[in-house]
Every structure is written in C-alpha cells, then in structure tokens.
Ligand code: AMP
C-alpha cells in the first residue's frame, strides 16, 4: 500500500504527475479540485455552495471539503494506495487527514510563479472526461478536441490572470506551515518541477523508490 501527496502552486504539474504515477502503479488518483468541479458541473447542492469560491480562486469552506474528502476516502477503492492531489492544502486540513490516515511521502513540486502562471494559462481541460492538456507541451492531436473521448476542450474558469494571482498567493501563504506539519509524519521531497514532465517524473520515482516511468511505458502502460 502506497499513499502519497502532491503539493504545488497551480500550474506546477500536480495533475500531470499524479496521472503519471497512478497510470502504471495501480494507485487511485484522488483530486479535491476534480471532485469539487464534478459537483459544480453536475449542479449538485455542494456545487452550488462552492462555485463562487472556486471561480474566485478562494479555498472552499473547510468543513465542506473535509466532508467531501472523508466520503471519497471512505469508499476504500484504493487497495494498492492513492495519490492525493490538492488535499490537504493547509495545516487544518493536514490535521484532519492525519487523524485518520498516514502518508508514505509528500512531493512538493517547485516551480517559479511566472512559469506556473504561463502553464496554467495554456491549460485546457476536457469538459466531459476531465483529461488535462497544455498548449505549451501537451497539445491535443486535433485542436480543441479531447484525444480520449472526442469532447470539446475548455479553459478552466479559474485559470485567468487575476484568479491565478489569488491562487498562487494563497498557496505561498500556507505551504510552509503545511510542509512543517507533514514533515513530522512523512518524508517531504522538494522537486524542481520547472523541467520537462518525463524528467520530473523520473526524479519523483527515484525519490520514492518506484520503478521507472519509462519502464511502465515500455510495458504498454500508457501507449494509446
Ligand atoms: P485545483 O484543481 O487543485 O487547482 O483546485 C481548484 C479549486 O478547488 C481551488 O482553487 C479551490 O477553490 C478548490 N479546492 C481544491 N482543493 C481544495 C482544498 N483542499 N481546500 C479548499 N478548496 C479546495
């Protein structure tokens, strides 16, 4: 059983590296942002409560996120473990999480703010299956169309210059205290995530003592 957490500013590559880790290692990706976006997209009661805060780049109500994450983790569909993306995000959420679960390691993806902004602003997401694309290094085969399900690609509502400023500031304010808290429970590795995704993923795997990502690809792990 492996339990990892990825943290980093918006645009640091949390979703990319979570997807690369889960693809061939039988781990389940648990993303707080994806779950909340699903609620917004499906017009649930929770969606109605979080929509404004998400659109403005603010963290949504703590007790609501905790409830949503508790419910998700209690599904126990993660026999081989999970990779958490975006939760816990601050000290309070870390307390909540660590009272119930442990972690094997935390990966902090370190990217300069300007680069993270550029990446986030060129991000496109499939409105249907949620697959992430990036117009800098991960374009879809056909412009504006998801390679996987053929649906229309959209820009996230919170990937605007103003909202990104708020999200990056929020991250910078909480990250030191969050990492201090997590370090008492699990090793925290800070990785230079300004490099290309393959190189960064290989370093993450070396740090975590996991088989190479390239080996997983040769096995047919993520070939289309
Ligand atoms: P992300 O997909 O991680 O960039 O998150 C998108 C948005 O979802 C954030 O800007 C917040 O509004 C909300 N969100 C995601 N994770 C959390 C969390 N752990 N606590 C509170 N709000 C969150």
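Taking residue 58 as the residue in question, decide whether it is within 13 Å of the ligand (Cβ to nearest atom), at negative phi, touching a residue at least 24 places away in the same chain (Cβ under 8 Å) and surrounded by 15 or more Cβ atoms within 10 Å (Cβ to Cβ).
Values: within 13 Å of the ligand (Cβ to nearest atom): yes; at negative phi: yes; touching a residue at least 24 places away in the same chain (Cβ under 8 Å): yes; surrounded by 15 or more Cβ atoms within 10 Å (Cβ to Cβ): yes.
Taking the combined requirement at face value, the residue satisfies it.
Going by the conditions given, is residue 77 out of contact with any helix residue (DSSP H, G or I) (no Cβ under 9 Å at 6 or more places or on another chain) and either in a helix (DSSP H, G or I) or buried (at least 20 other Cβ atoms within 10 Å of the Cβ) (or both)? Spelling it out, it is not the case that residue 77 is out of contact with any helix residue (DSSP H, G or I) (no Cβ under 9 Å at 6 or more places or on another chain) and either in a helix (DSSP H, G or I) or buried (at least 20 other Cβ atoms within 10 Å of the Cβ) (or both).
The number of residues in the range 20-42 that are under 18 Å from residue 103 (Cα atoms) and within 13 Å of the ligand (Cβ to nearest atom) comes to 4. Apart from one condition, residue 203 fits all of (1) in contact with a strand residue (DSSP E or B) (Cβ under 7 Å, 6 or more places away or on another chain); (2) more than 14 Å from the ligand (Cβ to nearest atom); (3) assigned to a helix (DSSP H, G or I); (4) touching a residue at least 40 places away in the same chain (Cβ under 8 Å); the exception is (4). When residue 22 is tested against (1) in contact with a strand residue (DSSP E or B) (Cβ under 6 Å, 6 or more places away or on another chain); (2) crowded, with 21+ Cβ neighbours inside 10 Å; (3) modelled with pLDDT under 95, just one condition goes unmet, and that condition is (2).
The values are calculated or read from the model by the stated rules, or taken from the named source; none is laboratory data. Quantities reported herein were computed from a predicted structural model and do not represent experimental measurements. All Cβ positions, even for glycine, are placed from backbone atoms using ideal geometry, and neighbour counts span all protein chains on display.
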